[in-house]
Amino acid sequence: MKNKKDKELTGKPFLLKPCPFCGGIELGVMRLKENKTGKLFYRIHCENCRAKGPLVPESEEASAKIWNIRINIKNNGGQKV
């Protein structure tokens, strides 16, 4: 998504799992607006290591739900936990 503007934290509280990369708990929701269409996308990001979740067009809640998905390959054959 090359045309980004209106990047900001929305400040809404969500129950989020720690960052899967660094274990950080300082997380935020970022809202990005595409210039041409004005469509909003959301993503969770880690303030500690700057990891970012995927861009999600539905809602902040949907981006939080996707962030919280973890795959445990060793213990359950790659099923979501």
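Each value in this text was obtained by applying a stated rule to the coordinates, not by laboratory testing. For clarity, every value in this text was computed on a predicted model and none was experimentally measured. Virtual Cβ from ideal backbone geometry, glycine too; neighbours counted across all protein chains shown.
Observations
- One chain, two ends: I25 and A62. Fully extended at 0.36 nm per residue, the span grows by 11.5 nm beyond their Cα-Cα distance.
- Within segment 34-70, none of the chymotrypsin sites (Phe, Trp or Tyr not before Pro) combine a DSSP coil assignment with at most 15 other C-beta atoms in a 10 angstrom radius.
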